[in-house]
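The values are calculated or read from the model by the stated rules, or taken from the named source; none is laboratory data. Being a predicted model, the structure only gives us computed values, none of them experimental. Virtual Cβ from ideal backbone geometry, glycine too; neighbours counted across all protein chains shown. Ligands, DNA and RNA are excluded from the accessible area calculation, which covers all protein heavy atoms including side chains. Shrake-Rupley method; radii C 1.70, N 1.55, O 1.52, S 1.80 Å.
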Amino acid sequence: MKYEHHLFVCNRESDELQRHIMFRDILRKHPLLVCEYSNLKIELSGEFRDNRKAYTEGKTEFVTRIMKEYKDVL
């Protein structure tokens, strides 16, 4: 099965949404990270074309590292 879209839904007060917003804001302030993240996603989408879970797990290390390194920069 090929997925066309992935929709993430959560409560507006959720911690998960706050983490997503923080990650978005970090990327907005650091364009080189956007390139790095985009390249990672392209690589993972090719490698895990039919495995959404593995694709998502592949991004986790990058996202976690960026959140730790840049959380105090906002």
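For this structure, a couple of remarks:
- Residue within the stretch 48-65 that is touching a residue at least 24 places away in the same chain (Cβ under 8 Å), hydrophobic (A, V, I, L, M, F, W, C) and either outside any loop (DSSP other than H, G, I, E, B) or touching a helix residue (DSSP H, G or I) at 6+ places or on another chain (Cβ under 9 Å) (or both) present: yes
- Flag for Thr60 being among the β-branched types (Val, Ile, Thr) and either loosely packed, with under 12 Cβ neighbours inside 10 Å or in contact with a strand residue (DSSP E or B) (Cβ under 6 Å, 6 or more places away or on another chain) (or both): yes
- Filtered by the rule that a residue be at pLDDT 95 or above and open to solvent by 80 Å² or more (accessible area, probe 1.4 Å), the stretch 36-56 gives Glu36, Asn39, Ile42, Glu43, Glu47.
- Residue match in the stretch 3-14 (condition: part of a helix (DSSP H, G or I), open to solvent by 100 Å² or more (accessible area, probe 1.4 Å) and out of contact with any Leu (no Cβ under 6 Å at 6 or more places or on another chain)): no
- Across the stretch 15-35, the number of residues qualifying as touching a Phe, Trp or Tyr at 6+ places or on another chain (Cβ under 9 Å) and open to solvent by 90 Å² or more (accessible area, probe 1.4 Å) comes to 1.
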